[in-house]
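Below: the structure, in structure tokens.
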Amino acid sequence: MTGSPMDRHSGPVADGLALDRMRWWDLEEVHDLERVLFVEDPWSPGQLWSELARVPESRFYVVARRAGRIVGYAGLFVVAPEADVQTVAVAPDEQGRGTGRVLLAELVDRAYRQGARVLRLEVRADNTSARALYGSGGFTVDGRRRDYYGRGMDAVLMSLQLRGPRAADLQATGSGGGA
């Protein structure tokens, strides 16, 4: 695969799933999904706006749509040679269909193309499906941050060394669990 789906076009990438760069008009639907998925600490509409308003070269957010509905979204922060996954979120009824894998592959490719050589993330220690997704994508555990998500809610720190575009590799390994 040469480049990622977002470089070639926005639109279908797999099994009726389409990726598009997140725009301001997506924020209400994204925030609704954020509140469903992250009940204890969802990002506010202002936080989402702030991320979209940042320097385009350092921030990248994408939405996944199926049948016109946003079923997932993901965000990336890049300051080469490092990058951080800000979020990967998939609607409950969409999990297990490969949407998380497609979103993660897009972030990996984008980070690499923007000069990052390591991609890092934090994930709740009890989020086994997301940890499995990241592990299947080649991320390794680097450590643990106690109480990162609040008292008693640790984060597992993970990273991926970037050696080249990986979307084809991540998508080819199967649909896996959603994040």
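Within region 97-110, not a single residue is surrounded by 23 or more Cβ atoms within 10 Å (Cβ to Cβ), in a strand (DSSP E or B) and either among the aromatic types (Phe, Trp, Tyr) or over 8 Å from the mean Cα position of the chain (by Cα) (or both).
Which residues, counting only those in region 65-94, are assigned to a loop (DSSP other than H, G, I, E, B) and over 13 Å from the mean Cα position of the chain (by Cα)? Full working, then the answer.
Within region 65-94, the first condition is being assigned to a loop (DSSP other than H, G, I, E, B), and the residues that meet it are 67-68, 80-81, 91.
Selection gives ALA67, GLY68, ALA80, PRO81.
Looking at region 111-135, which of the residues that are within 16 Å of TYR149 (Cβ to Cβ) and of a type in the set (A, V, I, L, M, F, W, C) is farthest from the chain's Cα centre (by Cα)? So the residue we want is ALA125.
Only one of ARG151, ARG144 is open to solvent by 30 Å² or more (accessible area, probe 1.4 Å), modelled with pLDDT of 95 or more and farther than 21 Å from VAL78 by Cβ; which? Outline the logic, then answer.
Working: ARG151 fails: modelled with pLDDT of 95 or more.
Within the list ARG151, ARG144, the selection yields ARG144.
Scoring SER58 on the criteria (1) over 17 Å from GLY16 (Cα atoms); (2) open to solvent by less than 60 Å² (accessible area, probe 1.4 Å); (3) among the hydroxyl-bearing types (Ser, Thr, Tyr); (4) in contact (Cβ under 8 Å) with a residue 40 or more places away in the chain leaves a single failure, condition (4). Remark: pairs (first residue in region 119-141, within 17 Å of GLY96 (Cβ to Cβ); second residue part of a helix (DSSP H, G or I) and open to solvent by 60 Å² or more (accessible area, probe 1.4 Å); Cβ separation under 9 Å; 6+ apart in sequence or on different chains) = GLY137/ASP169.
The values are calculated or read from the model by the stated rules, or taken from the named source; none is laboratory data. Because the structure is a prediction, the values reported are computed rather than measured. A quick note on method: Cβ atoms are made from the backbone with ideal geometry, for glycine too, and the neighbour counts reach across all protein chains shown. Quick note on the areas: whole protein, heavy atoms, side chains included, nothing else; ligands and nucleic acids left out. Shrake-Rupley method; radii C 1.70, N 1.55, O 1.52, S 1.80 Å.
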